[in-house]
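Notes to accompany the following structure.
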Amino acid sequence: ALEIQQRLEKLMLIKGTKTADYFHKELGKLLYNKCGLSRSAEGLKEAIIGIEVLAKEFYADLMVPGIAADMNAELEKAGRVADYLEVASLMCYDALNREESCGAHFREEYQTETGEAMRNDEKFCYVSAWEWPGESLEPVLHPEPLTFEFIKLSVRNYN
């Protein structure tokens with residue numbers, strides 16, 4: 001409980017000029033444009049840098065009206081946006097790490113001649129569990145292998 005209280009106080013003490021909604025929308029635009037259904041290594045690297053820049057701005061220029069002792073919906077939003085910044089960074093690291101196209105996640109560099117998703121089941125047949133080590137540190141991947149007893153993995157072809 002003390003750690004949460006300290007985190008909320010940190011957000012309240014910033015006393016900046018931009019709302020949590022502003023940062024939420026900027027993060028959404030960045031993810032939509034760089035880490036959407038179709039993505040590239042270049043765009044993902046730009047997103048990772050963009051999220052770092054946005055997070056620095058968030059912790060330097062966030063404005064949370066009111067006080068922490070009362071019910072404060074803006075403080076709740078700010079806490080969620082702080083979490084979203086971390087999760088967004090992990091999503092982009094994961095998307096960059098997966099050098100394949102799979103399901104609805106299409107890496108532009110990994111497609112067949114006919115434009116179908118090119119999977120790499122030998123290298124990426126796992127669930128990605130990422131550890132957030134803290135600001136300015138590289139996330140750590142803990143892959144959890146997938147095993148299939150009755151289904152044969154194959155590339156889909158919709159042509």
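The values are calculated or read from the model by the stated rules, or taken from the named source; none is laboratory data. Predicted model only: the values in this text are computed from it and were never measured. As a convention, Cβ positions derive from the backbone with ideal geometry for all residues, glycine included, and neighbour counts pool all protein chains shown. Accessible surface is based on the protein model in full, side chains and every heavy atom, while ligands, DNA and RNA are left aside. Shrake-Rupley method; radii C 1.70, N 1.55, O 1.52, S 1.80 Å.
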Inset, instruction - With respect to residue 67, determine if the residue is among the aliphatic types (A, V, I, L, M) and modelled with pLDDT of 95 or more. - result: no
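Would you say residue 127 is under 21 Å from the mean Cα position of the chain (by Cα) and among the β-branched types (Val, Ile, Thr)? If you could, list the steps in order and put the result at the bottom.
Details: under 21 Å from the mean Cα position of the chain (by Cα): yes; among the β-branched types (Val, Ile, Thr): yes.
Here the answer is yes, as residue 127 does meet what is asked.
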Inset, instruction - Six or more apart or on different chains, Cβ under 8 Å: which pairs go from a residue in region 137-159 that's farther than 15 Å from residue 120 by Cα to one that's modelled with pLDDT of 90 or more and acidic (Asp, Glu)? Could you list them? - result: 139/131; 140/131; 141/94; 141/131; 142/131
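If a residue has to be open to solvent by less than 60 Å² (accessible area, probe 1.4 Å) and either without any contact (Cβ under 8 Å) to a residue 60 or more places away in the chain or on the phi > 0 side of the Ramachandran plot (or both) to count, how many in region 74-84 make the cut?
We begin by selecting, within region 74-84, every residue open to solvent by less than 60 Å² (accessible area, probe 1.4 Å); these are 74-75, 77-79, 81-82.
Remaining after also requiring either without any contact (Cβ under 8 Å) to a residue 60 or more places away in the chain or on the phi > 0 side of the Ramachandran plot (or both): 74, 77.
Residues meeting the conditions: 2.
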Inset, instruction - Please indicate, with yes or no, whether at least one residue in region 31-39 is in contact with a strand residue (DSSP E or B) (Cβ under 7 Å, 6 or more places away or on another chain), hydroxyl-bearing (Ser, Thr, Tyr) and surrounded by fewer than 16 Cβ atoms within 10 Å (Cβ to Cβ). - result: yes
Inset, instruction - Output the residues belonging to region 113-154 that are surrounded by 13 or more Cβ atoms within 10 Å (Cβ to Cβ), out of contact with any helix residue (DSSP H, G or I) (no Cβ under 7 Å at 6 or more places or on another chain) and assigned to a loop (DSSP other than H, G, I, E, B). - result: 116, 118, 119, 120, 125
